[in-house]
Amino acid sequence: MALAIILILLIIGSLIFNFVNPWQATPIASNWGSIDDTIFITAIITGIFFVGITLFVAYTLIKYRHKEDKPEEENEAGVHQAAYEPDNKKLEWWLTGITTVGICALLAPGLIVYNDFVHVPKQAGLIEVVAKQWMWSFRLPGEDNILGKTSVKHINSDNSFGIDPDDPNGQDDILIMSNEIHIQLDQPLKFLLRSLDVLHNFYVPHFRAKMDMVPGQLSYFWLTPIETGEYEILCAEYCGVAHYNMGGRVFVDNSQDYQQWLSNQPTFSQQYQKSLATDLADGIEEQGRQLAENSGCIACHSIDGSKSLGPGWKNMFGKTEKLTDGSTITVDNAYFDESVLNPSAKIVEGYPPVMAPYQFSGEQLEALKAYIKSIGQ
Amino acid sequence: MSYAEETEDIALHEPKGFYSKYVWSQDHKVIAIQYSLTAIVAGLVALVLSGLMRMQIGFPGSLEFMDANTYYQAMTMHGMIMVIYLLTALFLGGFGNYLIPLMVGARDMVFPFVNMLSFWFYLLSVIILFASFFVPGGPTGAGWTLYPPQAITAGTPGAEWGIVLMLVSLAVFIVAATMGGLNYVTTILQARTYGMSLFRMPLSVWGIFMATILALLAFPALFVSAVMMLFDRLLGTSFFMPEMISMGQQLDHKGGSPILFQHLFWFFGHPEVYIVALPAFGLVSDILSVHSRKKIFGYKMMVWAIIAIGVLSFIVWAHHMYVSGMNPYFGFFFATTTLIIAVPTAIKVYNWVLTLWKGDIHLTVPLLFAVAFIFTFLAGGLTGLFLGNVVVDVPLSDTYFVVAHFHMVMGVAPILVVFGAIYHWYPKITGRMLNDTIGKLHFWITFLGTYAIYFPMHYLGILGMPRRYYDSSEYEFIPQSAHDLNAFITIAAIIVGVAQILFLYNLFHSYFKGKKSGNNPWKAASLEWMTTETPPIHGNWGEKLPVVHRWPYDYSVPGVKEDFVDQTVSETQLQAMIESQKVKS
């Protein structure tokens, strides 16, 4: 009896919870309201089965529970007996039929919307999202509307996207080396997704769409942004220890704001030439800064002094730190070099031993140190 | 001539002393208990790990040692232990081992020595797995799905040695499961007693039988993927490793496919869901029938549903990969097959409910757990319809909706059956009843607590909250109320976790102090309750094997005094019982 009442209360409670809880989907900012509709349809149909079956179980438990003082349910010998019910083929076929209808009512709209999801409209623009542990960057095809060829082989500190320097299509590609990207309102957009290292997943909750990014291949999805604003990007496929820390931002701009933003972004050839030149001309700090960005250091080491996966860089040199073995050490050039080349040798207390060894040259280490020291000032 | 007759005269390997009786035992009942206790110990470790994880999610920073590294290691080990080393081992190695020979009327498994080896390989796999807590770098934190390249590259905890031990342990486990599985299948097909036709077997045996076949066909996919990943990690091959960089350095790998691993993993992984679910389906059917004193509704349909689910489970795997970057057109096919599998599954739910209908329902602890299973499985199964329908899955995948769904459907639901089944068969295993009051308390906390944990969790997923996040406090779209809900869920999880002490206490206490049960305390009709001794002696049956005349669900037969007719009663005996009853009245 208690069980039946609890089941009824659970159903009532679940229904109330469903309608009054504060945790609903984020306001939609893309054309995929149709996906929200399929969720709604699924919730209605499954909800009916959930409530119906559970209430039937509760009713059964109340009506057919064993009762000691019910002589009408006893047989001639005074023993309680259940109904000796044979199979009910007709009922079974009815139930199978109703279930099949319910399943079709779920599947049909689902597949129709999915058909839209996999077919990119012809007028869609193109943007490439590039992921690596644990940061985002973006590439636009430029005036020729063709993205230049890429290969892991071409990746170096001057060319973090790995664009083929000899491919003419790549010269006008626009590179956005930042976690922040702008896209244009009402313009259908195909997101080409590429990963340089492990699996990632480009996910903006307000857009509903998401897709894994797989090293060695391209994946895609498309959408049309329908609300201007600023939305968060998340990584939705586990990609190692800083997975949770791989945020970014997408700004949906009206056409005027978008064009203004776009005109300030450098093309690959501009950036590449500049980068090659700065290696010689620019200060050593600038070289260190580029190295830190391209090697992924700043995913775990903040430059504002805040604590992240690894120790922050601001005012780091000269600090006295306690190590996990209980001893203390002053952060100097020698300790820094060792921590890059062999990170697990001496770990500062409070940080996980996750950093991989980096094989930097002596010059690169000098540049990095110069950059880090310049942050502190 | 059936195997049963052939073996009548062959002497069993009689145990000679303490060691051959309790340690190097070849008796299926002892092996079952060895399997079960090892699985429960592994499960308790995984339970503690989940508590530590939940502390970080609900109260970030509350545990000093819980850095991102430790969090991901706890998460990975929790998942893998629960799915493989607890649920698979307990249902097949534990319940399968104990119940199959008793339910089909065999004296033991057909290969007792292999059965013994199966347990020792299983124990070895658990030891290897736990050893990874003590190697440099600790256990792997790759997530229980172990997706490469991340599982074996820098930036993932335990990418040096933890992952190697994990893969080796899985390979050893699969050897154990194969030795056990061949035994279960052969015993069911060859060693049934006189009159025990396939359609006279209890649904427990059918569920375990089909699950074992799935295991034998699905585990090889995991085995090869484990070996291939070991090669990638140790020998520098590139099965799953494309040309890529890692931490700014170019790796030597070239040409491999990370998606290939996912296909292999889920070709195993989806049948694995049913390797856990089908035994639970079988056991719960028997519990419902016995305690509502009514024949199982639609027995044949139930058997065919088990077979249909088993077959279909091999063509739905890529519904775990809708947003994996595989060819998106696969989505149409896998969404259709996945939703089709809901039909035989729904039939099973209806038949459980209709078994209760017009029954004489005894609200015993096993029945409480069985009804709680129906409710939880219903909830978890229906949310599966969201995730199976490809486009609905797109926004929900990799969120807490998925976490809530699979914990309901293949975590809590099978565990509720495990509890119900232990309350139901403990008297046969030990000769004593478990304590009823503690059992009810344990039931209510576990049932209501798990619903409080997982029902609201779905809404975090609808909100878009991603899973596998060590810390999500920096994201602005997640409101404070969601973090408060996580704190609530953590409190509920801790309560449910601690409440399991009640269960352990009950197991331990009742073994010495429980009420004596006799041979058949529930007045059940199936063969395992017909042993002459409880617990059954070595060889299970006395001089002669039992002879079976009917199916195991003859409850409340009209005209008979008792409300059950056991499987060994012949048609003539039944007529005599009915006649004598007529005479009395």
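Assorted remarks:
- Within chain A, percent of DSSP bridges classed antiparallel, to nearest 5: 70
- Average beta carbon contacts from partner chains per residue of B:212-220, 10 Å cutoff: 0
- Violating pairs (Cα-Cα greater than 26 angstrom) within the set A:K149/A:K314; A:K322/A:K369; A:K63/B:K428; A:K149/A:K369; B:K358/B:K515; A:K63/A:K90: A:K149/A:K314; A:K63/B:K428; A:K149/A:K369; B:K358/B:K515
- Surface/4 estimate of mean projected area, convex hull on alpha-carbon atoms of segment B:462-560, nm²: 13.6
- Computed E for A:I5/A:L218 - FRET, C-beta separation, R0 41 angstrom, nearest 0.05: 0.15
- Expressed per residue, the C-alpha convex hull volume of segment A:125-271 stands at 99 Å³.
- Given R0 = 51 Å, the distance between the Cβ atoms of B:Y511 and A:L55 translates into a calculated FRET efficiency of 0.80.
- Rg/Rh (Cα only; Kirkwood hydrodynamic radius) as it applies to segment A:173-213: 0.95
- Nitroxide proxy distance, nm - points 7 Å out along Cα→Cβ at A:S306 and A:S151: 4.0
- Here the protein assembly as shown carries DSSP beta bridges of which approximately 75% are antiparallel, counting only pairs with both residues inside.
- Spin-label model distance (nm) - A:I112 vs A:T330, 7 Å beyond Cα toward Cβ: 7.5
- D by Stokes-Einstein for segment B:82-191, Kirkwood Rh over Cα pairs, 37 °C, 0.692 mPa s: 218 µm²/s.
- Spin-label pair B:N327/A:N88, simplified geometry with 7 Å Cα→Cβ offset, distance in nm: 4.7
- Taking 0.36 nm per residue of separation and subtracting the current Cα-Cα distance, fully stretching the chain between A:Q260 and A:Q123 would add 47.1 nm.
- Residue range of chain B that is longest and free of trypsin sites (Lys or Arg not before Pro) which are both DSSP loop and sparsely packed (at most 11 other C-beta within 10 Å): B:17-543
- Peptide A:201-208 is shielded by partner chain Cβ atoms: per residue, an average of 4 of them sit within 10 Å of its Cβ.
- For A:K274, no lysines have a Cα closer than 16 Å to its Cα, not counting residues fewer than 8 places off in the same chain.
- For segment B:38-51, 3J(HN,Hα) computed residue by residue from phi via the Karplus equation (6.51, -1.76, 1.60; θ = phi - 60°) reads 4, 5, 5, 4, 4, x, 5, 4, 5, 5, 4, 4, 5, x Hz, glycine and proline entered as x.
- GNM flexibility winner over chain A from A:T38, A:T324, A:T228 (Cα, springs under 10 Å): A:T324
- Sorted from greatest to least, the principal axis extents spanned by the alpha carbons of segment B:405-520 come out as 62, 21, 20 Å.
- Rg(Cα)/(2.2 N^0.38 Å) for the protein assembly as shown, N = residue count: 1.03
- Segment B:138-175 and segment A:310-377: distance between their alpha carbon centers, rounded to Å: 28
- The length gained by stretching the chain between A:K314 and A:S34 to full extension, at 0.36 nm per residue less their Cα-Cα distance, is 96.1 nm.
- Both radii are taken from the alpha-carbon atoms of chain B; with Rh as the Kirkwood radius, Rg/Rh is 0.98.
- Taking the C-alpha atoms of chain A, convex hull volume expressed per residue in Å³: 233
- Chain A: angle of helix A:89-118 to the longest principal axis, Cα-based, in degrees nearest 10: 20
- Between helix B:365-388 and chain B: long-axis angle, C-alpha atoms, 0 to 90°, nearest 10: 40
- Within chain B, longest stretch free of exposed GluC sites (Glu not before Pro) [DSSP loop, at most 16 other beta carbons within 10 Å]: B:65-473
- Kirkwood-type radius of segment A:275-376, with distances r between different C-alpha atoms, in Å: 14.0
A short reminder: the numbers here are calculations on the coordinates, not readings from a lab. Here the structure is a predicted model, which is why all the values come from computation and not from measurement. A quick note on method: Cβ atoms are made from the backbone with ideal geometry, for glycine too, and the neighbour counts reach across all protein chains shown.
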